[in-house]
Amino acid sequence: MRLALLDWLVIAAYGAITLLVGLRFAGRAGRGTQEFFLSGRTLPWWLLGTSMVATTFSTDTPNLVTDLVRTGGVSANWVWWAFLITGMCTVFFYARLWRRSGVFTDMGFYELRYSGRPAAFLRGFRALYLGVFFNVMIMAAVTLAAIKIGGVLLGLDKYTTVLVAGGITVLYSAGAGLWGVVVTDLLLFVVAMIGSIAAAVFALRQPEVGGLSGLVSNPNITDRLSLLPDFSDWRVAVPIFVIPLAVQWWSTWYPGAEPGGGGYVAQRMLAARDERESMRAVLWFNLAHYALRPWPWILVALASLAVYPTMDSLAVAFPHVDATILKDDLAYPAMLIFLPTGLLGLVVASLGAAYMSTISTHLNWGASYIVEDFYRRFLVPDRDEKHYVAVARAATVGLIILAMTVSLWLQNALQAFQILLQIGAGTGLIFLLRWFWWRVNAWSEISGMVVSFAVAVWFQFLHSRFGFAPVHPSAQLLIGVVVTSAAWLTVTWLTPPADRETLQTYYDRIRPYGRGWTRVVDTSAGAPRAGGVAAGLAGWLLGCSAVYAALFATGYLLYGRPIAATAAGLVAALSVIGLFRILPRVSFD
């Protein structure tokens, strides 16, 4: 595949605009870490929410969706659609609490909520664990997608791709700080949406597909269209639907869908102007992420089954692609070769936008942990702000080098997704309960983190070496949840809680709901307004209903089923009306 001059001009124009934005905010980002990492806590909800959407709109996401659809059908997407429940829970119960906390990063929460050396250790260790290890794995998966796109569309080898993509992005990220990231994300989101829709339109126009009508009647595709799994075959329904909806959403820490909020989502909430802006930002993020974006990717994935029905057909079409990365997720970039001149350049630019958006966010977020929660907190606490900004920029460069190296080891998007799910299995409940139950302590989190990681290492690297039979990823997840939950709950009861002074200070600042604090602190002065819990539960339910109904309505409309689409659309509309009526009742006092 070769790009024409017009394609290159479109790509160059996009690159020039993003670099200009980066230069525009470089001076502001250099004023201090508050500006570099939190934009002075002055960002509006619509900019923050769009930035979160753009971050999750990564180069690996359409590849992951394609992998899921080709191997398990549309219903296989429930493995990530289920995280909407997590996201809406964050909207109505945690977003305002994060902004109310006033911490610099979500790692700073540990020394607000817990006490003593365990709290300090947890803050420093988890800053490196998430900011370096977890963060590098995420960026490596994103870079793997860039490798596949570069190989298919540009004929680049993987080493050239990682050097070019990573090098350009790190120059931008290290200079612009969070202001540059979120402002550029707004542009990136628009470009990426246009690109994904264009890819879907031209995928449907291929002779092998025959438009929407041909798509839904194609024998290679008809058994992949259902939005729900076949419940007559529980071997399929349990791992892709039952476990994600019943267990995964609350039990597993996954980037962008952390139970109770965390990572770059917490960073955006902490950068909001106030509590209302924080909640609205996360609400917009969940609406757009789950209801607005999936269908263009799904249509391309389905169309690829008509054009490239087997792995052999992909291998024949792209003989120059490294055999080690020739997996089902390669079908997404393979469908982009049918785009016309000019539009192909726009789509390539949109994929570049998706890559830059995700990587720049993760670089800024990871550097904030390294600098604020490890370097400044434990190593060099008394230098001026310009020094810490310089260290942040150096950390940004180091993170991208690690990510590019790991990306050369990965093979497909689903592999990375399952590794990250397994590593976080069983820890999610800690992050939900720590806000509302005084008994959770630093040792709860330390033990949960250690045990979940040990279980993941066992299944990923040691289980087969000892001759044990293969275990399905869903079974691995369940075992991880059970073992990890049992371990951290046991440790919680065997170790002392945070001291009373810390618990009282935490309660006075956060004012959490529930009766989980009445035994240990004075709740009279900071009790939340009555009715807030009921309003939050109603909002949570209505938010999930609105998004899932909109998702189904769009799908049924595309499938040519107007009655089902109308019914689902009506449910979505009524849920949205109820949602906006309930929002004012949520407590912000």
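The values are calculated or read from the model by the stated rules, or taken from the named source; none is laboratory data. From a predicted model like this one, the values you see are computed outputs, not experimental measurements. Reconstructed Cβ throughout: ideal geometry from the backbone, glycine too, with neighbour counts over all protein chains shown. To get the accessible areas, we keep the full protein, side chains included, count just its heavy atoms, and leave off ligands, DNA and RNA. Shrake-Rupley method; radii C 1.70, N 1.55, O 1.52, S 1.80 Å.
Going through segment 208-247 one residue at a time, which ones are farther than 30 Å from ALA425 by Cβ and either touching a strand residue (DSSP E or B) at 6+ places or on another chain (Cβ under 7 Å) or in a loop (DSSP other than H, G, I, E, B) (or both)? Steps first, answer last, please.
Going residue by residue through segment 208-247, those that are farther than 30 Å from ALA425 by Cβ are 208-223, 225.
Hits for segment 208-247 are GLU208, VAL209, GLY210, ASN218, PRO219, ASN220, ILE221, LEU225.
Test of understanding: among ALA140, ALA127, ALA119, which residue is surrounded by fewer than 24 Cβ atoms within 10 Å (Cβ to Cβ) and under 26 Å from ARG509 (Cβ atoms)? Show your work before the answer.
Details: ALA140 fails: under 26 Å from ARG509 (Cβ atoms); ALA127 fails: surrounded by fewer than 24 Cβ atoms within 10 Å (Cβ to Cβ).
Checking each option against the conditions leaves just ALA119.
Determine, yes or no, whether TRP488 is of a type outside the set (A, V, I, L, M), closer than 21 Å to GLY426 by Cα and without any contact (Cβ under 8 Å) to a residue 24 or more places away in the chain. If you could, list the steps in order and put the result at the bottom.
Details: of a type outside the set (A, V, I, L, M): yes; closer than 21 Å to GLY426 by Cα: yes; without any contact (Cβ under 8 Å) to a residue 24 or more places away in the chain: no.
It is false that TRP488 is of a type outside the set (A, V, I, L, M), closer than 21 Å to GLY426 by Cα and without any contact (Cβ under 8 Å) to a residue 24 or more places away in the chain.
Only one residue in LEU339, LEU351, LEU302 is over 24 Å from the mean Cα position of the chain (by Cα), within 30 Å of GLY214 (Cα to Cα) and not β-branched (Val, Ile, Thr). Which one? Please lay out each step first, then the result.
Working: LEU351 fails: over 24 Å from the mean Cα position of the chain (by Cα); LEU302 fails: over 24 Å from the mean Cα position of the chain (by Cα).
Testing whether each residue is over 24 Å from the mean Cα position of the chain (by Cα), within 30 Å of GLY214 (Cα to Cα) and not β-branched (Val, Ile, Thr) leaves just LEU339.
I'd like the full set of residues that are small (Gly, Ala, Ser), on the phi < 0 side of the Ramachandran plot and surrounded by fewer than 22 Cβ atoms within 10 Å (Cβ to Cβ), limited to segment 40-81. Working first, answer last.
If we filter segment 40-81 for residues that are small (Gly, Ala, Ser), which is where we start, we get 40, 49, 51, 54, 58, 72-73, 75-76.
Those left that are additionally on the phi < 0 side of the Ramachandran plot: 49, 51, 54, 58, 72, 75-76.
GLY72, SER75 - these are the residues of segment 40-81 that are small (Gly, Ala, Ser), on the phi < 0 side of the Ramachandran plot and surrounded by fewer than 22 Cβ atoms within 10 Å (Cβ to Cβ).
Of the conditions (1) in contact with a strand residue (DSSP E or B) (Cβ under 9 Å, 6 or more places away or on another chain); (2) surrounded by 20 or more Cβ atoms within 10 Å (Cβ to Cβ), ALA353 clears all except one; give me its number.
That leaves (1) as the condition not met.
Is it the case that PHE378 is farther than 17 Å from LEU128 by Cβ, more than 26 Å from the chain's Cα centre (by Cα) and in contact (Cβ under 8 Å) with a residue 40 or more places away in the chain?
Details: farther than 17 Å from LEU128 by Cβ: no; more than 26 Å from the chain's Cα centre (by Cα): yes; in contact (Cβ under 8 Å) with a residue 40 or more places away in the chain: yes.
For PHE378, the condition - farther than 17 Å from LEU128 by Cβ, more than 26 Å from the chain's Cα centre (by Cα) and in contact (Cβ under 8 Å) with a residue 40 or more places away in the chain - is not met.
Please go through segment 535-565 and give me each residue that is surrounded by fewer than 15 Cβ atoms within 10 Å (Cβ to Cβ) and either on the phi > 0 side of the Ramachandran plot or touching a residue at least 12 places away in the same chain (Cβ under 8 Å) (or both), ordered by number.
LEU537, GLY560 - these are the residues of segment 535-565 that are surrounded by fewer than 15 Cβ atoms within 10 Å (Cβ to Cβ) and either on the phi > 0 side of the Ramachandran plot or touching a residue at least 12 places away in the same chain (Cβ under 8 Å) (or both).
For the structure I just gave you, tell me whether GLY342 is on the phi > 0 side of the Ramachandran plot and either among the acidic types (Asp, Glu) or out of contact with any Phe, Trp or Tyr (no Cβ under 7 Å at 6 or more places or on another chain) (or both). Can you show your working first?
On the way: on the phi > 0 side of the Ramachandran plot: yes; either among the acidic types (Asp, Glu) or out of contact with any Phe, Trp or Tyr (no Cβ under 7 Å at 6 or more places or on another chain) (or both): yes.
Here the answer is yes, as GLY342 does meet what is asked.
Across segment 449-479, what is the number of residues that are free of Cβ contacts under 8 Å to residues at least 60 places away in the same chain, open to solvent by 60 Å² or more (accessible area, probe 1.4 Å) and not hydrophobic (A, V, I, L, M, F, W, C)?
Residues flagged as free of Cβ contacts under 8 Å to residues at least 60 places away in the same chain, open to solvent by 60 Å² or more (accessible area, probe 1.4 Å) and not hydrophobic (A, V, I, L, M, F, W, C) within segment 449-479 amount to 5.
For segment 415-428, does any single residue satisfy the condition of being touching a residue at least 40 places away in the same chain (Cβ under 8 Å), in contact with a Pro (Cβ under 6 Å, 6 or more places away or on another chain) and open to solvent by 10 Å² or more (accessible area, probe 1.4 Å)?
Within segment 415-428, the first condition is being touching a residue at least 40 places away in the same chain (Cβ under 8 Å), and the residues that meet it are 416-428.
Restricting the remaining residues to those that are in contact with a Pro (Cβ under 6 Å, 6 or more places away or on another chain) gives 418, 428.
Within this subset, residues satisfying the condition of being open to solvent by 10 Å² or more (accessible area, probe 1.4 Å) are 418.
Checked segment 415-428: at least one residue is touching a residue at least 40 places away in the same chain (Cβ under 8 Å), in contact with a Pro (Cβ under 6 Å, 6 or more places away or on another chain) and open to solvent by 10 Å² or more (accessible area, probe 1.4 Å).
Could you run through segment 560-570 and say how many residues are within 27 Å of the chain's Cα centre (by Cα) and either under 16 Å from ALA538 (Cα atoms) or of a type in the set (A, V, I, L, M) (or both)? I'd like the intermediate steps shown before the answer.
Step one: filter segment 560-570 for residues within 27 Å of the chain's Cα centre (by Cα), giving 568-569.
Subsequent filtering for residues that are either under 16 Å from ALA538 (Cα atoms) or of a type in the set (A, V, I, L, M) (or both) retains 568.
Residues in segment 560-570 being within 27 Å of the chain's Cα centre (by Cα) and either under 16 Å from ALA538 (Cα atoms) or of a type in the set (A, V, I, L, M) (or both): 1 in total.
Could you check segment 455-467 and list, in sequence order, the residues that are more than 23 Å from the chain's Cα centre (by Cα) and either within 24 Å of ILE240 (Cβ to Cβ) or modelled with pLDDT of 90 or more (or both)? Break it down into steps so the answer makes sense when it comes.
Residues of segment 455-467 more than 23 Å from the chain's Cα centre (by Cα): 458-459, 461-467.
Residues satisfying the conditions are TRP458, PHE459, HIS463, SER464.
Got at least one residue in segment 388-395 being surrounded by fewer than 23 Cβ atoms within 10 Å (Cβ to Cβ) and more than 23 Å from VAL182 (Cβ to Cβ)?
no
Residues in segment 480-504 that are in a helix (DSSP H, G or I) and open to solvent by less than 70 Å² (accessible area, probe 1.4 Å): how many? Before the answer, list the steps.
In the first step, residues of segment 480-504 are kept if they are in a helix (DSSP H, G or I); the result is 480-494, 500-504.
In the following step, the residues that additionally are open to solvent by less than 70 Å² (accessible area, probe 1.4 Å) were identified as 480-481, 483-489, 491-492, 502-504.
Matching residues across segment 480-504 total 14.
Given segment 272-349, what helices (runs of 4 or more DSSP H) lie entirely inside it while holding 3 or more residues that are surrounded by fewer than 24 Cβ atoms within 10 Å (Cβ to Cβ) and touching a helix residue (DSSP H, G or I) at 6+ places or on another chain (Cβ under 6 Å)? I'd like the intermediate steps shown before the answer.
Working: elements: 275-287, 294-307, 311-317, 331-335.
In segment 272-349, 275-287, 294-307 are the helices (runs of 4 or more DSSP H) which contain 3 or more residues that are surrounded by fewer than 24 Cβ atoms within 10 Å (Cβ to Cβ) and touching a helix residue (DSSP H, G or I) at 6+ places or on another chain (Cβ under 6 Å).
If only one of PHE37, PHE104 is closer than 24 Å to THR396 by Cβ, open to solvent by 10 Å² or more (accessible area, probe 1.4 Å), in contact (Cβ under 8 Å) with a residue 60 or more places away in the chain and touching a helix residue (DSSP H, G or I) at 6+ places or on another chain (Cβ under 7 Å), which one is it? Steps first, please.
Details: PHE37 fails: open to solvent by 10 Å² or more (accessible area, probe 1.4 Å).
Step by step, each of PHE37, PHE104 is checked, and only PHE104 is closer than 24 Å to THR396 by Cβ, open to solvent by 10 Å² or more (accessible area, probe 1.4 Å), in contact (Cβ under 8 Å) with a residue 60 or more places away in the chain and touching a helix residue (DSSP H, G or I) at 6+ places or on another chain (Cβ under 7 Å).
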